[in-house]
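The values are calculated or read from the model by the stated rules, or taken from the named source; none is laboratory data. Everything numeric here is computed off the predicted structure, so don't read it as measured data. Positions of Cβ are generated from backbone atoms using ideal geometry, with glycine treated the same way; all protein chains shown enter the neighbour counts. These accessible areas exclude ligands, DNA and RNA; they are computed on the full protein's heavy atoms, side chains included. Shrake-Rupley method; radii C 1.70, N 1.55, O 1.52, S 1.80 Å.
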Amino acid sequence: MESVPSGVYPTKSLQDTVGVATVARLIREQKATRIRRGWIAVGNAPQDQVLAVRRGGVLSCMSALKRQGVWVPEDINLHVRGNQWAVRNRKGPFCRRFGRPEPEYGAMDDIPTALTYAARCLDAEGFVVVCDSLLHLKLMSFAEIEHLFGSAPDSLQRLLGRLDARAESGPESMMRFRLQSKNVDLEIQVEIDGVGRVDMLIGQWLIIEIDGYEYHGGKPMFTKDRLRFAAAHNLGYTPLGFSYEQVVFDQAATLDRIMTAIRNGAHRRPSQLAKPTPLRPGMGL
Ligand SMILES: [Zn+2]
């Protein structure tokens, strides 16, 4: 007897794959349920896809990207694009995209399709952050993204010039975008002798480190970060570190701390905490 993996399927394509009799049996045995005309949920199907299909669409946009491992800004909404009928009958809210809507082909959009919808749901910063994540994870190439938005409005095409595949986390991309939007000149992923690779270097002396993940790497990581900061201080740098929460949920205060450091000239001159390496008695002289 045919076994069908859990999931949400267009009934027709499931019937074509496993046969009409098998689908009928699954329904009879309550292993599958019709969730909308033409759609069926089998076994322990993902709830977000069930909800999207029940609402009259498919899982798309930020929700589909997140499901497929892409870093997306925090958002509690389920992002669904509706089919023609549901849109006409105002069953939304539904996500939209530039250009013609795509027909439904599965309960969850693939990454390129989901991205075309996300481009209209996200603000400029969110769009850049999501594209950075796609590039960094090698889920799409720059050329593919560029091609996808070939006929999008100029404002969106201009944002493509701000993508950076080197950004290692969503929060890092967010912070870079905000600082560059304030015309702060910075380099990312800079290797500094005696410190290691830092997330950002502003001017010559101001280091910004961002915890890219919700859960910090535990005590060994914390200790390592402290040692790196101490090393940076001793070399004359001013290192500022921010947690995931500070960047994502407390944007204004975090940006303000960096801008204050810049106003104070921390990027232009060595920190006053810098100490010349003390000579130990009896050494070298
Ligand atoms: Zn959306």
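Leu65 satisfies every condition listed in (1) crowded, with 19+ Cβ neighbours inside 10 Å; (2) without any contact (Cβ under 8 Å) to a residue 60 or more places away in the chain except (2).
Tell me, which residue of segment 70-91 that is within 13 Å of the ligand (Cβ to nearest atom) and free of Cβ contacts under 8 Å to residues at least 40 places away in the same chain is most open to solvent (accessible area, probe 1.4 Å)? Per the stated criteria, the residue is Ile76.
Among the residues of this structure, Val128 does not count as one that is among the β-branched types (Val, Ile, Thr) and either outside the structural domain of Asp154 (by TED's automatic domain parsing) or in contact with a strand residue (DSSP E or B) (Cβ under 6 Å, 6 or more places away or on another chain) (or both). Residues in segment 58-69 that are touching a strand residue (DSSP E or B) at 6+ places or on another chain (Cβ under 9 Å) and more than 11 Å from the ligand (Cβ to nearest atom): Val58, Arg67, Gln68.
Could you go through segment 137-153 and let me know if any residue there is part of a helix (DSSP H, G or I), open to solvent by 10 Å² or more (accessible area, probe 1.4 Å), touching a Phe, Trp or Tyr at 6+ places or on another chain (Cβ under 8 Å) and closer than 29 Å to Gly57 by Cα.
No, that holds for no residue.
Does Asp48 meet the test of being within 16 Å of the ligand (Cβ to nearest atom), open to solvent by less than 50 Å² (accessible area, probe 1.4 Å) and among the acidic types (Asp, Glu)? Steps first, please.
Working: within 16 Å of the ligand (Cβ to nearest atom): yes; open to solvent by less than 50 Å² (accessible area, probe 1.4 Å): yes; among the acidic types (Asp, Glu): yes.
Judged against the criteria, Asp48 is a match.
Checking every residue in segment 161-181 against the condition of being under 30 Å from Asp110 (Cβ atoms) and of a type in the set (Phe, Trp, Tyr) gives at least one match. Against the condition under 29 Å from Ala45 (Cβ atoms), within 16 Å of the ligand (Cβ to nearest atom) and in a loop (DSSP other than H, G, I, E, B), how does Pro101 come out, does it pass? In short, yes. Count of segment 16-28 residues, restricted to those that are basic (Lys, Arg) and either in a strand (DSSP E or B) or open to solvent by less than 20 Å² (accessible area, probe 1.4 Å) (or both), is 0. From the list Ser3, Ser13, the one residue that fits, being part of a loop (DSSP other than H, G, I, E, B) and within 25 Å of Arg67 (Cα to Cα), is Ser3.
Considering every residue within segment 29-44, establish whether at least one is touching a Pro at 6+ places or on another chain (Cβ under 7 Å) and not in a strand (DSSP E or B). Yes; the residues of segment 29-44 include at least one that is touching a Pro at 6+ places or on another chain (Cβ under 7 Å) and not in a strand (DSSP E or B).
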